[in-house]
Amino acid sequence: MGTMDHTFDRSSLGAFLRTRRAALQPEDVGLRRGPRRRAPGLRREEVAELCTMSADYFARLERGDGPQPSEQMVTAIARGLRLTPDERDHLFLLAGYRTARRDLRLQHVSPGLMRVMDGLAGTTAQVMGPLGETLLQTPSAVALLGDQTQYTGNYRSATYRWFTDPAERERYHPKEHDNNSRINVALLRAAVTRNGPDSPAADLADILLRTSDEFTRWWERHEVGLRWSETKRFVHPQVGQLELYCQLLLDPDQGQSLLIFTATPGTASHERLALLAVLGTDHFVADPE
C-alpha cells in the first residue's frame with residue numbers, strides 16, 4: 001500500500017461510493033435491466049464484480065467501517081464505477097491519498113472507452129495506454145494474445161517487451177517482425193518529441209537504448225511517420241495463422257487507444273477467430289520483471 005498523505009475520510013468515501021453506485025445504471029456497464037430490479041443503480045454485488053473485489057469488502061467501504069484501500073484498489077474502484085478523471089481524483093483524496101500516482105492515473109480507462117468495451121464483450125478488443133500498456137482486454141483478446149494486463153514495471157509496455165522478450169513475438173508472423181520493430185521505434189520517437197526529455201516516453205527510450213542493440217539500430221535511423229497497418233498476421237499456438245483487420249479508435253484526452261480485431265467473414269481466419277472465442281482464454285502468464 002502507498003503511504004497515506006491525506007486524511008482518510010471513511011464516512012465521505014462511503015457516501016460517495018453509494019451515490020456513484022446509485023447513479024450507475026445496468027445499461028452503463030453492459031448489463032440487462034431485469035424486471036425484478038427495483039432499486040436505482042447497480043447492486044453492491046454487481047459493482048464488486050466490476051471492481052474485482054468481494055461484495056463484503058465493498059459493502060464495508062460503503063458503510064464507512066472498512067480499512068483504507070490501497071492505491072491499486074482505489075484504481076480498480078474508479079474503473080469499476082466508470083468514474084471521470086475528476087471523480088477519480090476526488091476518490092483518491094477521500095481514500096487518503098493526496099493524488100493518484102502518475103502510473104496509476106495512466107491505467108484509468110476513460111468512461112467512454114469503458115462503455116464501448118462493455119458493448120464489445122464478444123469481440124476481440126483491448127484498450128492500450130500511451131506507451132503500449134494493455135489496460136483492458138475482452139476474453140477473446142486474451143485468447144488471441146494472452147493476458148497482457150498482468151505485467152508490471154517496464155514489462156507493461158508492449159514496446160519494451162518487443163525488444164527484450166522473445167516470447168512477445170511468438171504470436172506474430174515472422175514476416176511482420178522487422179516492420180513491427182520499425183513502427184514501435186518510430187512511434188516511441190514521436191512520443192519523446194511530443195512529450196519532452198523528462199517524459200516516461202524518454203525514460204523508456206533511454207532504457208531500451210541501453211538494453212537492446214536492435215532497438216538502437218532502428219533508433220539511429222530516425223524514422224518518423226510510420227503507422228500500423230490495418231492488416232495484421234498472427235500465429236496462434238492453438239488455431240494457427242490468422243489474418244485480421246485492426247481498427248483503431250483514439251481518445252486524445254487520455255492518450256489511450258481502442259483496438260478491435262476482426263476477420264473477413266467466410267475466411268479461415270474468421271473461423272479461427274470464432275474458435276478462439278469458444279476455446280476461451282489461454283494460460284500464458286506474464287513474466288515478472
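Values in this text are rule-based calculations from the coordinates and carry no lab data. What you see is a predicted model, and the numbers here were worked out from it, not measured in a lab. Here the Cβ is made from the backbone with ideal geometry for all residues, glycine too, and neighbour counts use every protein chain on show.
Residue order for TYR57, TYR155, TYR97, fewest other beta carbons within 10 angstrom first, comes to TYR57, TYR155, TYR97.
This model, with +1 at the C-beta of Lys and Arg and -1 at the C-beta of Asp and Glu, gives the stretch 113-279 a dipole about its Cα centre of some 260 debye. Ranking CYS246, SER157, GLY266 by Cα position along the charge dipole of the stretch 113-279, where only Lys, Arg, Asp and Glu carry charges on their C-beta atoms, puts GLY266 farthest toward the positive end.
About its Cα centre, the dipole of the chain is roughly 920 debye, where the only charges are +1 on Lys and Arg Cβ and -1 on Asp and Glu Cβ. Applying 1/(1 + (r/R0)^6) with R0 = 35 Å to the Cβ-Cβ distance of ASP9 and ILE207 gives a FRET efficiency near 0.35.
Find how many whole Å separate the alpha carbon centroid of the stretch 224-244 from the alpha carbon centroid of the stretch 160-180. The stretch 160-180 and the stretch 224-244 have Cα centres separated by 11 Å. Placing a pseudo-label 7 Å from each Cα along the Cα-to-Cβ vector at ARG43 and ARG233 gives an inter-label distance of 5.0 nm. What's the FRET efficiency of ARG33 with GLU271 using the Cβ-Cβ distance as r and R₀ = 30 Å, to the nearest 0.05? Computed FRET efficiency for ARG33 and GLU271: 0.30. Just checking the listed ones, LEU91, LEU208, LEU226: in the Gaussian network model of the chain with Cα springs under 10 Å, the one fluctuating most is LEU226.
Label positions at LEU226 and ASP118, each projected 7 Å from the Cα along the C-beta direction, are separated by 3.9 nm. Between HIS108, HIS177, HIS236, the residue with the greatest mean-square fluctuation in the GNM of the chain (Cα pairs under 10 Å linked by springs) is HIS177.
Can you tell me the FRET efficiency between ALA22 and GLN68 if r is taken as the Cβ-Cβ distance and R0 is 22 Å, rounded to the nearest 0.05?
After rounding to 0.05, the efficiency reads 0.40.
Projecting the Cα atoms of GLY129, ALA190, GLN148 onto the charge dipole of the stretch 129-229 (Cβ charges, centred on the Cα centre) puts ALA190 farthest toward the positive pole.
Altogether, the Stokes-Einstein calculation at 20 °C and 1.002 mPa s, with the Kirkwood radius of the stretch 113-279 over Cα pairs as Rh, returns a diffusion coefficient of 129 µm²/s. Taken about its Cα centre, the stretch 10-108 carries a charge dipole of about 260 debye when Lys and Arg each add +1 at the Cβ and Asp and Glu each add -1 at the Cβ.
Using the rule -39500 (n - 2.57) for each DSSP H run of four or more residues, divided by the residues of the chain, the 222 nm mean residue ellipticity is -13000 deg cm²/dmol. Normalising the Debye intensity of the chain to I(0), with uniform scatterers on Cα atoms only, and taking log10 at q = 0.16 Å⁻¹ returns -1.32. Projecting the Cα atoms of GLN72, MET53, GLY41 onto the charge dipole of the stretch 25-100 (Cβ charges, centred on the Cα centre) puts GLY41 farthest toward the positive pole.
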